[in-house]
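In what follows, a structure is listed as structure tokens, so that the remarks can point back to it.
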Amino acid sequence: CNTIVKRLASSRFNSLAQRFSTKYLESVKEPIRSGLGKTLLRLAMATNDSVFFQLVSSKILPSLVSPGGELSGVFVHSLVCVQGYDKGMQYFLACDPSNSRFGIMLPEFLFSLYETKNYKECIHCYSAVCKQLGWEHFPQMDEKAYYERQRPFKILQHSRIYAAVIGSYLALDNKPLADSLMEEMKFWRLQPLRETYYDYLDVSIMFRNED
């Protein structure tokens with residue numbers, strides 16, 4: 001039964017997967033662990049069903065979905081998408097930045113803000129984290145000096161973070177700042193996500209239509 005739920009939840013038949021998963025969750029007594037929990041949280045995000053999200057959350061082993069827990073990244077992403085910015089931000093702020101899972105939570109949280117069109121909030125949160133960590137954007141100094149100084153900040157060198165922030169800047173008609181982050185990505189040899197290419201394509205199409 002567990003395997004069937006996983007396969008259905010990973011398929012494109014979200015409605016069927018949700019109905020089957022709901023029946024399964026209502027009958028199961030033991031807490032759900034990470035593998036199935038992650039799959040079901042993503043299903044809740046895909047269906048955007050708050051009731052189903054609450055059911056899934058209540059069945060997962062609490063330590064896995066606590067701030068900084070093993071599933072905290074996918075959990076905060078689902079939380080923002082299903083229950084909104086306020087709930088997601090409250091959860092995100094409860095995680096200690098020194099926690100080893102913070103580096104997984106941050107890209108998921110920022111990307112969820114971008115996906116839900118909370119563009120200003122995405123940029124504000126990103127800027128706050130950069131300031132807190134002492135991250136400086138490229139190019140602020142000699143490239144070699146910049147590399148040596150910023151290299152330890154692996155947490156911010158993430159394509160998903162750049163996709164969220166670049167997409168947010170483009171959505172707010174701030175292409176120069178988006179372009180500067182693209183240059184920063186190239187410097188760190190990060191591959192842009194397809195969402196980033198799509199966002200630039202949208203801007204290009206809009207520009208042509210205005211002409």
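The values are calculated or read from the model by the stated rules, or taken from the named source; none is laboratory data. In this text, all values refer to a predicted model and were calculated from it rather than measured experimentally. Quick reminder, even Gly has a Cβ in these numbers, built from the backbone with ideal geometry, and neighbours come from all protein chains shown. Remember, those area values only see protein heavy atoms, side chains included, never the ligands or the DNA or RNA. Shrake-Rupley method; radii C 1.70, N 1.55, O 1.52, S 1.80 Å.
Note the full-extension length gain between Gln132 and Leu93 as 0.36 nm times their separation in residues minus their Cα-Cα distance, in nm to one decimal.
Numbers: separation 39, 0.36 × 39 = 14.04 nm, distance 1.32 nm.
The Gln132-Leu93 span can extend by a further 12.7 nm.
Name the residue from Leu133, Met105, Ile32 whose Cα lies farthest towards the positive end of the charge dipole of the chain, charges +1 on Cβ of Lys and Arg and -1 on Cβ of Asp and Glu.
The Cα lying farthest towards the positive end belongs to Ile32.
Which of the peptides 119-130, 21-32, 36-47, 99-110 is most tightly packed, and how do the rest follow, judged by the mean count of other Cβ atoms within 10 Å per residue? If you can, show how the numbers build up before the last one.
Details: 119-130: 17.5, 21-32: 14.2, 36-47: 21.8, 99-110: 19.8.
The most tightly packed comes first, giving 36-47, 99-110, 119-130, 21-32.
Near Phe138, within a Cβ-to-Cβ distance under 15 Å, what is the net charge of the other residues, with Lys and Arg +1 and Asp and Glu -1?
On the way: positive: Lys144, Arg149, Arg151, Lys186, Arg189; negative: Glu136, Asp142, Glu143, Glu148, Asp179, Glu183, Glu184.
Spelling it out: positives minus negatives among the neighbours equals -2.
Near Phe53, within a Cβ-to-Cβ distance under 14 Å, what is the net charge of the other residues, with Lys and Arg +1 and Asp and Glu -1? List each step's numbers first, then the result.
On the way: positive: Lys38, Arg42, Lys59, Lys87; negative: Asp49.
So the environment of Phe53 carries a net charge of +3.
Each residue of the stretch 97-104 in order: what ³J(HN,Hα) in whole Hz does its phi give by Karplus 6.51 cos²θ - 1.76 cosθ + 1.60, θ = phi - 60°, with x for Gly and Pro?
x, 7, 5, 5, 8, 4, x, 8
For His137, which sequence-distant residues (separation of 5 or more, or a different chain) have an amide H within less than 5 Å of its own amide H, given hydrogens modelled in the peptide plane?
Result for His137 returns nothing.
Would you work out the relative contact order for the stretch 1-121, in percent, from Cα pairs under 8 angstrom that are 6 or more residues apart? Intermediate results must be reported in sequence, preceding the final value.
Values: 149 pairs, mean separation 24.6, N = 121.
Normalised by residue count, the contact order of the stretch 1-121 is 20 percent.
Take the cross-link list Lys120/Lys175; Lys131/Lys154; Lys87/Lys120; Lys38/Lys120; Lys38/Lys59 and give me the ones stretching past 19 Å between alpha-carbons. Could you put the intermediate results ahead of the total?
Working: Lys120/Lys175 14 Å; Lys131/Lys154 15 Å; Lys87/Lys120 17 Å; Lys38/Lys120 28 Å; Lys38/Lys59 12 Å.
Beyond 19 Å: Lys38/Lys120.
Could you estimate the translational diffusion coefficient of the chain from the Stokes-Einstein equation, with Rh from the Kirkwood formula over C-alpha pairs, at 10 °C and 1.306 mPa s, in whole µm²/s? Could you put the intermediate results ahead of the total?
Values: Rh = 18.5 Å.
Rounded to a whole number, D works out at 86 µm²/s.
In sequence order, what are the phi-derived ³J(HN,Hα) couplings for the stretch 175-184 according to the Karplus relation 6.51 cos²θ - 1.76 cosθ + 1.60 with θ = phi - 60°, rounded to whole Hz, with x for glycine and proline?
3J(HN,Hα) across the stretch 175-184, in whole Hz: 5, x, 6, 4, 5, 5, 6, 5, 5, 5.
Between beta-carbons, use under 10 Å as the cut-off and find the net charge around Ser168, counting Lys and Arg +1, Asp and Glu -1.
Net charge in that neighbourhood comes out at 0.
Would you pull out the residues with amide H under 5 Å of Ile60's amide H, same chain only if 5 or more places away, H placed 1.01 Å from N?
Under 5 Å from the amide H of Ile60 lie the amide H atoms of Ile32, each far enough along the sequence or on another chain.
Got a sec to turn the phi values of the stretch 151-162 into Karplus ³J(HN,Hα) couplings, 6.51 cos²θ - 1.76 cosθ + 1.60 with θ = phi - 60°, whole Hz, x for Gly and Pro?
So the Karplus estimates, Gly and Pro as x, are 3, x, 7, 4, 4, 9, 8, 9, 4, 5, 5, 4 Hz.
Ignoring ligands, DNA and RNA, what percent of the accessible area of the stretch 60-178 is carbon or sulfur (1.4 Å)? Kindly include the intermediate steps, with their values, before the conclusion.
Numbers: 2900 of 5590 Å².
Its accessible area is 52 percent carbon and sulfur atoms.
Sort the following peptides by mean Cβ neighbour count (other Cβ atoms within 10 Å, averaged over residues), highest first: 53-60, 160-167. Before the final figure, lay out each step's value.
On the way: 53-60: 19.4, 160-167: 24.8.
By packing density, highest mean first, the sequence is 160-167, 53-60.
At 1.4 Å probe size, with every protein chain present, just tell me what the per residue accessible area of the stretch 82-181 comes to in Å².
On the way: 5130 Å² over 100 residues.
Per residue, the stretch 82-181 has 51 Å² of solvent-accessible surface.
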